[in-house]
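Quick notes on the structure that follows.
The values are calculated or read from the model by the stated rules, or taken from the named source; none is laboratory data. No experiment lies behind these values; they were computed from the predicted model shown. Cβ coordinates were reconstructed from backbone atoms using ideal geometry, including for glycine residues, and neighbour counts include every protein chain displayed.
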Amino acid sequence: MGSPAIEFLEGVKTMQKITYSNIETTCIYCGAGCGLNVQVLDGQIIGVLPSTSHPVSHGQLCIKGWRAADFVNHPERLRTPLIKVGGKFVESSWDEALDLVSDKLAEAAQAHGPDSLGFLASAKCGNEENYLLQKLSRAVVGTNNVDHCARL
Amino acid sequence: MLVAQVREIVAKKLETLDGVVALKEEQHRVAPYLFTAGDDLSTLVLEPRYPLALVVHEILKRRPDVRIGVVTRGCQERALVELANWKQLSLDQVEIIGFPCSQEQAEACRCEMPYPTEIVAGERAQGVVDQVVAEFRASKTREERLAFWQRQLGKCIKCYGCRSICPLCFCEKCAMEQETWVTRGKLPLPFPTFHLIKAIHTAGAGKCVGCHACEDACPADIPLSILYSLLRQDLKETFGYEAGAQHSGNPPVLLLKEQMAK
Amino acid sequence: MIRSSDFDPTFVQEIMAEPGGEHLLTCWSCGTCAATCLVRRFDSAFNPRLVLHKAGLGLRKEVLSSAEIWQCSACDACYPRCPKQIHISDVMKAIRQIAIREGYERPGVTAEVDVASCIACGLCAAACPYEAISLEMVEYEGGTKQAAKVDPNLCMACGICNSVCLGSCIGVPGYLDEAVNQNIGEDEGTSPTMPRALVITCNWCLHAGSDWEYAQHPPEGVKVVNVPCSGRVTPAFVTTALQAGVDGVLIVGCQEDQCHYKHGNALEKGRAAMLQNLLELLGIERERAQFAWLGSLDRGKFPELVNKLVQDVQALGPLSWSE
């Protein structure tokens, strides 16, 4: 029995009834919107398969699509917000982090105008997250200074 | 109807197996699924061709305590046998519920054995001799071949789809990802080492069963199976080895035919 | 200085009681084995005549602790020439058994496994000419897992395991992929107008001193890289060379039944043929990836082979995959 089985079994009770299914969803990483299936075994995501039924992607994916679900259980995934204190990142709560960010942004916008702020979106965030960021920038703060790492 | 007969057999098998891997259709979407006792089998379908051996391996890798069936065509059965030869799963944990491909499918895949060793329903189609390599060679001069592959392999975006979908690609440290061999961050690749490694490590090592999952998964429509057909033929002629034809329990060491017999 | 008080007659009896060591005292120290020995040509410190002589005198500690008893690779070039028909490699093995029993550690490099990456497919174990590898539960930083394990007492450091392992999870230190690749890629300032050629040769197939000389000082535009066995050459070395701008590669190994490591050359021949077919299908000429065997009757023929490669490559011109 190799180590993937040992790791997996630690999260699952042996002799438990086995379940495996594919949940179709849309890839979050770009505007193509390829269809992909998230493989779920005993309630845990184990990977991704391309969706053969999808009219856009026809059972094909790019490297980001193939790895789209990797972040979910990745050991290096951030599980709490981090605030930089004295040059080092310190774990904090959502309330603390959100209060800090909104206070600082509001301060800058009031003192120097909305165009003193810039918002940088990322290809490593999902489409939906990037949409929200530009909404925050344009509708909430009131500046067009929003861009994306792909344009650098 | 073939699929109705298969559903009946699966219902029976679910009395003793922990589950059966097959394709499920829901709202016009088809995806692999593990049917278990009590599931509605009217959603079980047989099309399109799919590398279900990959799904079986992913499951058994993590649940070595179960015994599951798989509704499969010939190529996927051979993939499972070859996986067992490379010691990646035990055939004791798998029950094949075989069905044959249609004649059209056999021609499309250029498949010599478009059915598993045993089928639960349907009729075997006629095997097809794979002529694609001979035809390719005959239709092009060396310079034309070079131009053809420069163009085809130049379309590659290194999505690793061919590797990820292949039922026989199971290495944790994949040579295609090593900077020792494959230049990083350059497209098109300056030299097709990426593709040569994939070809040599699967078809050239005795793993490729010719299921065409790689070609199906390639977003750039690269005709990979021409390369793999060549190597599979070579392996058969020079070394007398065919992936998945025999459950030897050991991966093939490719010594020349005379030496393999020892 | 050797003292007669160092002679231990029980050592001699022990060797002769060990299977393979029966004929130790038949040896009359003629030195024919040393003259034939292929290991000795490569490493003059190794002398089979001397090992048997010392063993016959009963110099227990000196013999058992020496590196020499481990260097015989059982090619058996000496056996048919020994006038007393002693199976010398068997005597060496008998002495090794005693050394293992008495806890002497075997010096020198042996293959090592990258356990974290190993998927226990068993190919290295099947390919090893000495059956030195087995699949076992092995402990490593991540815990315990099924993986390849090398018996250092059997491993002859040929590197065949490395060339068959698809993930390069096993190999002989000093001849790992990165080291050989670096050797291949290093440019020694050859003329830009000369086509570049690479020769990868095994240690044992260069039978004449002149062959060795030529390998140390090849003509302009040619690079010679050494590996323990031609079986160590994975096809990826050839693709790396072609990618680096080399226009033609020649792999030289030992002839049919003369492989120093039993079947490394046979493995290489098959793989080279397969690679040639694949390259040809891609539109790359077969002559750019050549394979040749040199036997003991081919002493002095190495320069001929290299010249042929250079001529072929000159006629073909530079290989350009990406314009």
Residue check: is A:I83 touching a strand residue (DSSP E or B) at 6+ places or on another chain (Cβ under 9 Å), under 30 Å from B:A220 (Cβ atoms) and modelled with pLDDT of 95 or more?
no
Yes or no: C:A34 farther than 21 Å from C:T10 by Cα, in a loop (DSSP other than H, G, I, E, B) and among the aliphatic types (A, V, I, L, M)?
no
Just wondering, is there one or more residues in segment B:25-47 that are among the polar types (S, T, N, Q), within 24 Å of B:S164 (Cα to Cα) and either touching a Phe, Trp or Tyr at 6+ places or on another chain (Cβ under 8 Å) or not assigned by TED's automatic domain parsing to the domain that holds B:S248 (or both)?
no
Mind listing whichever residues of segment B:150-173 are farther than 25 Å from C:S320 by Cβ and either among the basic types (K, R) or surrounded by fewer than 19 Cβ atoms within 10 Å (Cβ to Cβ) (or both)?
B:R163, B:E172, B:K173
C:L294 being surrounded by 24 or more Cβ atoms within 10 Å (Cβ to Cβ), at the interface with another protein chain (Cβ under 10 Å from one of its Cβ atoms), in contact (Cβ under 8 Å) with a residue 40 or more places away in the chain and touching a Gly at 6+ places or on another chain (Cβ under 9 Å):
no
Testing C:L250 on (1) within 14 Å of chain B (Cβ to nearest Cβ); (2) aliphatic (A, V, I, L, M); (3) buried (at least 23 other Cβ atoms within 10 Å of the Cβ), one condition comes back false. Which one is that?
(1)
Kindly indicate whether any position in segment B:160-172 is without any contact (Cβ under 8 Å) to a residue 12 or more places away in the chain and more than 9 Å from every other protein chain (Cβ to nearest Cβ).
no
Exclusive hit being surrounded by fewer than 16 Cβ atoms within 10 Å (Cβ to Cβ), in contact (Cβ under 8 Å) with a residue 24 or more places away in the chain and assigned by TED's automatic domain parsing to the domain that holds B:R137, set B:G185, B:G249, B:G210, B:G204
B:G249
Any hit, segment C:188-200, residues being modelled with pLDDT of 95 or more, under 20 Å from the mean Cα position of the chain (by Cα), outside any loop (DSSP other than H, G, I, E, B) and not assigned by TED's automatic domain parsing to the domain that holds C:L38
no
List the helices (runs of 4 or more DSSP H) inside segment A:54-152, counting only whole elements, that have at least 3 residues being within 30 Å of B:P48 (Cβ to Cβ).
A:63-66
Conditions first: (1) closer than 30 Å to A:Q60 by Cβ; (2) at the interface with chain A (Cβ under 8 Å from one of its Cβ atoms). B:V10 passes all but one, so which condition is the exception?
(2)
Quick one: which residue in B:K155, B:K140 is over 22 Å from the mean Cα position of the chain (by Cα), over 19 Å from B:E242 (Cα atoms) and away from chain C (no Cβ under 11 Å)?
B:K155
When only residues in segment B:28-51 that are crowded, with 23+ Cβ neighbours inside 10 Å and in contact (Cβ under 8 Å) with a residue 40 or more places away in the chain count, which is nearest to the other protein chains (Cβ to nearest Cβ)?
B:Y50
Return yes or no: is C:C118 under 27 Å from B:K61 (Cα atoms), facing chain B (nearest Cβ under 9 Å) and either assigned to a strand (DSSP E or B) or not aliphatic (A, V, I, L, M) (or both)?
yes
Quick check on my filter: what residues within segment C:283-312 are assigned to a helix (DSSP H, G or I) and small (G, A, S)?
C:S296
Matching entry among A:S92, A:S102 (being among the small types (G, A, S) and touching a residue at least 12 places away in the same chain (Cβ under 8 Å))
A:S92
Residues B:E82, B:E58, B:E104: which one is without any contact (Cβ under 8 Å) to a residue 12 or more places away in the chain and within 14 Å of another protein chain (Cβ to nearest Cβ)?
B:E58
